[in-house]
Amino acid sequence: MSTSSGIPTADEYLTISEVADRLRVSPKRVRNLMAAKVFVRGEHFFRPRGIGPRFRWSRVVAWLEDQSQGSAEPIPMARSKARLAAAPATHL
């Protein structure tokens, strides 16, 4: 759903690939953000039966603007220094 000028409307619903194209990231990155609970089911996207996840573009834009203001928490990284420091040491 776009206006005649090609500008997306607020109620536009997008697939993972379409969101990835607009954010200029890979579809895998979008899936990783979903798995990390950065994109939350029911808030940023929903899963209609049989057609896969659909993202509400207005919510993705709000998340992106929140990220640019620095008020959101950082994306958890699998090998962050804090996480490694908190892990118990194992001896071989």
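Observations on the model:
- Hey, Leu84 modelled with pLDDT under 65 and either assigned to a loop (DSSP other than H, G, I, E, B) or more than 14 Å from Ile16 (Cα to Cα) (or both) or not: yes
- Looking across segment 31-61, the residues that are free of Cβ contacts under 8 Å to residues at least 24 places away in the same chain and closer than 16 Å to Ala20 by Cβ come down to Arg31, Asn32, Met34, Ala35, His44, Phe45, Arg59, Val61.
- Qualifying positions in segment 24-71 - exposed (fewer than 12 other Cβ atoms within 10 Å of the Cβ), touching a helix residue (DSSP H, G or I) at 6+ places or on another chain (Cβ under 9 Å) and not in a loop (DSSP other than H, G, I, E, B): Lys28, Arg41
- Qualifying positions in segment 10-23 - surrounded by fewer than 16 Cβ atoms within 10 Å (Cβ to Cβ), assigned to a helix (DSSP H, G or I) and either small (Gly, Ala, Ser) or in contact with an Asp or Glu (Cβ under 7 Å, 6 or more places away or on another chain) (or both): Ser17
The values are calculated or read from the model by the stated rules, or taken from the named source; none is laboratory data. Only a predicted model underlies this, so the values are computations on that prediction, with no experimental measurement involved. As a convention, Cβ positions derive from the backbone with ideal geometry for all residues, glycine included, and neighbour counts pool all protein chains shown.
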